[in-house]
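These notes concern the structure reproduced below.
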Amino acid sequence: MQQKPKIEILVGQISQFSDQKAFKQFFDLYANRLFEFAFSFLKSKQLAEEAVADVFFKVWLNRETLPSIENIKAYLFKATYNTTLNYLDEEKRRKAIGLDDIKVDLGVDLICPETELMTKELKGRIDQAIESLPPRCKLIYKLAKVEQMKYKEIASLLDISVKTIDHQLSIAIKKIGEEIREYLSRDGNNSNFLVLMQLFIPLK
């Protein structure tokens, strides 16, 4: 199986040689994730696709500056966030900035590929727990766990404090932990609790 090229190699090929094939690979690495992020705010497939296309178009126009960007993924998410806000009218923009009126698709299979450790019932309960999280909490948890962004990167992206990030992630982890503990306690077996919880705790 062919390995995905390292992002540094792609950036070099794009910035130095205007390599369109490398840019296509670069696009494929991030486009779907950025689309989901944009869709969370816009709730329109067409607008989300246009927003992401705008981001990559600007990246291509400014490709010579790519090597100077310290964190490509954080940069792309921030650019997508800013572009998304430009697609919203003033009222909706205020709501988006508040992060309390967004739709985030997030389930246990996306968070945790190691689902063979769980029964179908447990997966269902965790999915319900995640779905019940407030929109802001769910978005922050997705960025931290699925996108593996650092707390400072999320804080910069959403223009909120690291303390808020920590608080929201604590809510998510507590909710998931309660479901896991309750499920395991029915059989009087909590030995796998820490093993399972480690699968859902994002790194700082």
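The values are calculated or read from the model by the stated rules, or taken from the named source; none is laboratory data. Keep in mind that what you see is a predicted model, and the values were worked out from it rather than measured. So basically every Cβ, Gly included, is an ideal-geometry build from the backbone, and we count neighbours across all protein chains shown.
Of all residues in segment 145-183, those that are basic (K, R), crowded, with 16+ Cβ neighbours inside 10 Å and within 17 Å of the chain's Cα centre (by Cα) total 2. Criterion first (among the acidic types (D, E) and farther than 20 Å from K150 by Cα) does E36 satisfy it? Against the criterion (among the acidic types (D, E) and farther than 20 Å from K150 by Cα), E36 does not qualify. Once segment 56-72 is narrowed to residues that are of a type outside the set (D, E, K, R) and under 17 Å from L157 (Cα atoms), the residue that is farthest from the chain's Cα centre (by Cα) is I69. Condition (residue is closer than 20 Å to L157 by Cα, assigned to a helix (DSSP H, G or I) and touching a residue at least 60 places away in the same chain (Cβ under 8 Å)) applied to segment 17-35: is it met by at least one residue? Checked segment 17-35: at least one residue is closer than 20 Å to L157 by Cα, assigned to a helix (DSSP H, G or I) and touching a residue at least 60 places away in the same chain (Cβ under 8 Å).
Looking only at residues that are hydroxyl-bearing (S, T, Y) and more than 17 Å from the chain's Cα centre (by Cα) in segment 1-55, which one is nearest to Y75 (Cα to Cα)?
Restricting attention to segment 1-55, the residues satisfying the condition of being hydroxyl-bearing (S, T, Y) are 15, 18, 30, 40, 44.
After this cut, where a residue has to be more than 17 Å from the chain's Cα centre (by Cα) as well, the list is 15, 18, 44.
Details: S15: 16, S18: 20, S44: 23 Å.
Among those residues, the one meeting the criterion is S15.
Checked against (1) in a helix (DSSP H, G or I); (2) at pLDDT below 95; (3) among the polar types (S, T, N, Q); (4) more than 21 Å from K150 (Cα to Cα), Q3 passes all but condition (1). Residues in segment 40-56: is at least one modelled with pLDDT of 95 or more, of a type in the set (A, V, I, L, M, F, W, C) and touching a Lys or Arg at 6+ places or on another chain (Cβ under 7 Å)? The answer is no; no qualifying residue exists.
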